[in-house]
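The values are calculated or read from the model by the stated rules, or taken from the named source; none is laboratory data. The structure presented is a predicted model; accordingly, all values stated were derived computationally and were not measured. Backbone-built Cβ (ideal geometry, glycine too); neighbour counts: all protein chains shown.
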Amino acid sequence: MYIYEREHRRILQHAKKLEASQGVHEITTGLMPGEEELIMEYVNAPVPHGADYSNRHLSTYACPELPGEMPPRQAALHWSLYNCGQALIQLAGYASHAQEIKTHYKTALERELALEKSAANKEPEGEPSRS
């Protein structure tokens, strides 16, 4: 999170310098022309057969494209979103990597415990254990 915050501050600082030298470019807020129709197509689309929206095992995140040439403030926003998206991808990758390691060690531990248990069951009752 620190890297994201630092990069966010750097981008904003750069945008402020550009605005000071080139002036502020006004941009329209809200949806771009045609976006509302596109959104409504997805809202009104039928649910695919067998789809289970309660199951969130797949990410719904779509990485944005690299920001193109645009006014400084808008570019700062797009670059911040892009960097945040990259961080999310890296965190998800790390989570799956950590899960693989955890699964490996958990399996090895279960195998070792099973061996100890079977060795304890095989010991004659009259002899003391050697451990």
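Here is how the numbers come out for the structure above:
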{"item": "Search result, residues across the range 24-41 that are free of Cβ contacts under 8 Å to residues at least 12 places away in the same chain, closer than 19 Å to His78 by Cα and surrounded by 10 or more Cβ atoms within 10 Å (Cβ to Cβ)", "result": "Leu31, Glu35"}
{"item": "Check on Asn44, at pLDDT below 85 and exposed (fewer than 10 other Cβ atoms within 10 Å of the Cβ)", "result": "no"}
{"item": "Residue check for Thr60: at pLDDT below 85 and either under 30 Å from His14 (Cβ atoms) or touching a His at 6+ places or on another chain (Cβ under 6 Å) (or both)", "result": "no"}
